[in-house]
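Down below is the structure, laid out as structure tokens.
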Amino acid sequence: MQELKDRIIKEGKVLPGSIIKVDGFLNHRVDTVLLEHIAEEFGRHFDMDRVTVILTAEASGIALAAIVARHFGKPMIFAKKAKSDNIEGGLYQSEIFSYTYKKKVTLLVSKEWLHTGDKVLVVDDFMANGEAVRGLCDIVEKAGAELVGVGCAVEKGFQGGGDRLREAGVDLRSLAVIESAEPGNIVFREEA
């Protein structure tokens, strides 16, 4: 998606450790018009008439997932990273290693909201090593739901998480796959 790539080039920053900072428009300060365009792009790839629910992980995926859900008139669920007292009726959970926080995290979704028969589109803003998305796919499987696919705005292709998911048969659509990143030089993977 050229609009997203242009914003990454113009406003993104590459920090030490190959961290790509896009928080000025994607996941801290949010450009809702851009997120609406991302939702439209996901709609060109996935059969949104089949999708019954949008699933993401707390916290930075919520804005994009909410806009995708609103755009297509679907409910949205986000996996929590901590159990709260207001969750009833059991939990689906998956252990992941958070690249952002450099520690193990448990993703939690109430059994009240995700069911056998749901057709799930996982949406995330940014994929590094793919652990969060892998954990969400695991929760979909545990619920007996069907994974329609994964829509990701930005993927760090050089970390291999997206490629591992594709090799496992996941229909993953990333709109900007970064092949390499150095300060002042971000290179995108050519689209197939």
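The figures follow:
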| read-out | value |
| --- | --- |
| Residues of the range 8-67 that turn out to be of a type in the set (F, W, Y) and in contact (Cβ under 8 Å) with a residue 40 or more places away in the chain, as a count | 2 |
| Residue identified as of a type in the set (A, V, I, L, M), touching a Lys or Arg at 6+ places or on another chain (Cβ under 8 Å) and either modelled with pLDDT under 95 or surrounded by 22 or more Cβ atoms within 10 Å (Cβ to Cβ) (or both) among L136, L172 | L172 |
| So R166, is it among the charged types (D, E, K, R), part of a helix (DSSP H, G or I) and under 26 Å from I9 (Cα atoms) | yes |
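The values are calculated or read from the model by the stated rules, or taken from the named source; none is laboratory data. Everything quoted here is computed from the prediction, not taken from an experiment. FYI the Cβ positions are ideal-geometry reconstructions off the backbone, even for glycines, and counts take in every protein chain you see.
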